[in-house]
Every structure is written in structure tokens, then in C-alpha cells.
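Encoded as C-alpha cells, the structure appears first; notes follow it.
The values are calculated or read from the model by the stated rules, or taken from the named source; none is laboratory data. Here the structure is a predicted model, which means the values were calculated and not measured. Here Cβ is always computed from backbone atoms with ideal geometry, including for glycine, and neighbour counts include all displayed protein chains.
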Amino acid sequence: MQWQQQTCLLTGATGGIGQAIAQALANKGVRLILQGRSESRLQALSRSLPGEHKILVADITTIQGREKICSMAELNAISMLINNAGVGQFSLLEDTEETVIVDTLEANLLAPILLTQALLPVLQKTNQRQVIPSYLVNIGSAFGSIGFAGQSIYCASKFGLRGFTEALYRELADTNVHVSYFAPRATATSINSDQAMAMNNALGNHVDSPEDVAQALIQQLEKGHARQFVGFPETLFVKINGAFPHIADKALLKKLPIIKRFLRPKKDVEHTTQEVLS
Ligand SMILES: NC(=O)c1ccc[n+]([C@@H]2O[C@H](COP(=O)([O-])OP(=O)(O)OC[C@H]3O[C@@H](n4cnc5c(N)ncnc54)[C@H](OP(=O)(O)O)[C@@H]3O)[C@@H](O)[C@H]2O)c1
């Protein structure tokens, strides 16, 4: 991996995992285009990194935002695109607003697909000019392989992103564009609400630091692996869920009462408690 020859467009650079990836890549000598929605946070991040980097304020879910991103990427002849921006969802389907469903699918699935399609010619052009490989990384999730109660829309978006990445990996296998899928498990960032973090705690789920996650991504890129799942036992559970989903169904059924305790709106829990008491 020739890090110092890379120019990387990183979406969601101001988030928890995004900042850690930006730091890890900048330490390797990668030139970055840091994308986010807050100019002040992007400036602060850029100032904190070694090397010279650019910032880009844009919303990936709008046509204008994606056009801005594409112009900047073309101008700087990017050789790496990391689709990292994303949003979370933590609610029963029956309690989930339609706007949350649409926004989650747009940010986590539709926008990365459209950005990838628009930027593929840039990644391929860079290859021809500089004769170096280029890289596309989609940041998925353990919940892109494990359906989890209370995160049905998030799971749908990340399952979709994993399928898209795998198909594209196979479609571009005879080109110099290296496609990879990187799936963290729970990580300590603001994408997880307080309720989601409390649930992780109650379930005994391990929560990684963004810095450890970023190092795992660096290792994946160095090894050239197409897929990388972070952390044991989640990596094993992903395999079990794929091969023997009924075993995963049973294991997760046992956890459902705990999960629902954190999902149900507080007033409902109080209401149910009163009903039980009366
Ligand atoms: N943390 C976890 O537990 C975990 C686990 C597995 C996978 N992941 C994945 O890791 C990635 C990064 O998540 P994170 O944990 O770092 O979350 P985060 O701290 O909430 O950061 C999310 C980033 O995405 C950006 N973003 C969201 N919607 C956007 C939009 N419409 N246009 C442009 N930027 C947008 C945010 O920008 P603003 O600051 O402007 O909102 C922020 O920079 C996501 O794809 C997530 O699904 C996270």
C-alpha cells in the first residue's frame, strides 16, 4: 500500500469513526478531502491533522451536495473513496416515523451508491494516469449481516450496502479499483443514542473505541482484504447467522426482553408497569 500517493475523499469525517480514520490516514501521509456538514468542525479537524488537507461542506443525500463532492473529487483526482457517513436508527418499526425510514436509507444506502457510481470514472482515470491502484471502501456494520430487533431500517440499509459492495467487488475484479467492505461492531460514537449505549451495556456487548476501529481499517487496506468484520465474538456470530440463522434466532430471542426494555417509549413502560401492578 503506497499511502503517500493516495488522495482520499472521506465522507462523514467529523463523526467519531470518521475523525479516527482521518487521523490514521493522515499519519500515514494520505492527502484528505474531509467531507461533513459542519464547516467549523471540519476546519478544527483539518487543523488537528498532520499534512495539508481540504474540507468540503456538503450533504450526501442531496443532488447539490453530491455534485459538490464530485467536482472536488475530480479536481483533486482522488484515488480513494471511503463512504463512511451514516446515521443510526433505534426504534421499533411501529414507532418509526416515515421520514426516519427514508432518511436512513438515503444516507446509508442510496447516497453511497450514487456517489460511488459518479466517482467511479475518477477512480478509474487516476489508475490510467498514474498507474496505481485505487480504492473504494464502504463502511458497513455487523448489523449488515445480523438482523437486530429495534434496528430494522438500519439493518436494511447496511445489508443493502454489503450486497452492493460484494456485487461491485465482483464486477470490478478485472480492474484496478479495489473494492472493500469494512464492518465495525458497536463503537463509542454519537451515532448511538444513550438508550442504545445503555442497551449495549445491559447485553454485555463490547464497545470498541473509534481509534481501534480505524486501525482495523488500516490493516484491512494493507492486507488487501475484500471484507473485514471487527471484533470477537461478533465475527463468529456473523458466520453462525449466515450458516445457521435459526441458532441466531434463538440466541437473540433470549435477549429480546432486554432489547425491548430500551426501545419502548418510557410512557409505555410506565403504562405497562401500572397495568401489571393494578
Ligand atoms: N458507532 C457505531 O457503533 C458503528 C458501528 C458499526 C458501523 N458504524 C458505521 O460507521 C460509520 C460512521 O459512524 P459513526 O459511528 O462515526 O457516527 P457519527 O459519529 O454519528 O458520525 C456520522 C458522520 O456522518 C455524517 N453524516 C450523516 N448524515 C450525513 C449527510 N446526510 N450528509 C453528510 N454527512 C452526513 C455526520 O456529519 P454531521 O456531523 O454533519 O452530522 C458525521 O460526520 C457509519 O456508516 C455507521 O453506520 C458505526
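Picking from residues in the stretch 238-250 that are aliphatic (A, V, I, L, M) and either in contact (Cβ under 8 Å) with a residue 12 or more places away in the chain or within 18 Å of F159 (Cβ to Cβ) (or both), the one that is surrounded by the most Cβ atoms within 10 Å (Cβ to Cβ) is V238.
Take the conditions touching a residue at least 40 places away in the same chain (Cβ under 8 Å) and within 15 Å of the chain's Cα centre (by Cα) and apply them to L93. Does it pass? No.
Residues that are surrounded by 16 or more Cβ atoms within 10 Å (Cβ to Cβ), touching a residue at least 40 places away in the same chain (Cβ under 8 Å), over 21 Å from L217 (Cα atoms) and not β-branched (V, I, T) are absent from the stretch 159-173.
The helices (runs of 4 or more DSSP H) located wholly in the stretch 49-135 that include 3 or more residues which are out of contact with any Gly (no Cβ under 7 Å at 6 or more places or on another chain), at pLDDT 95 or above and buried (at least 18 other Cβ atoms within 10 Å of the Cβ) occupy 63-75, 111-130. Working only within the stretch 173-207, note down all residues that are within 15 Å of the chain's Cα centre (by Cα), within 9 Å of the ligand (Cβ to nearest atom) and of a type in the set (V, I, T). Result: T187, T189, I191. Considering (1) of a type in the set (S, T, Y); (2) away from the ligand (no atom under 12 Å from the Cβ); (3) in contact with a Phe, Trp or Tyr (Cβ under 7 Å, 6 or more places away or on another chain), the lone condition that T116 does not fulfil carries the number (3).
Restrict the check to the stretch 136-145 and report whether at least one residue is away from the ligand (no atom under 12 Å from the Cβ) and either in contact (Cβ under 8 Å) with a residue 24 or more places away in the chain or surrounded by 23 or more Cβ atoms within 10 Å (Cβ to Cβ) (or both).
Yes, the stretch 136-145 contains at least one residue that is away from the ligand (no atom under 12 Å from the Cβ) and either in contact (Cβ under 8 Å) with a residue 24 or more places away in the chain or surrounded by 23 or more Cβ atoms within 10 Å (Cβ to Cβ) (or both).
Residues in the stretch 1-41 that are assigned to a helix (DSSP H, G or I) and of a type in the set (A, V, I, L, M, F, W, C) were compared, and the one that is nearest to the ligand (Cβ to nearest atom) is I17.
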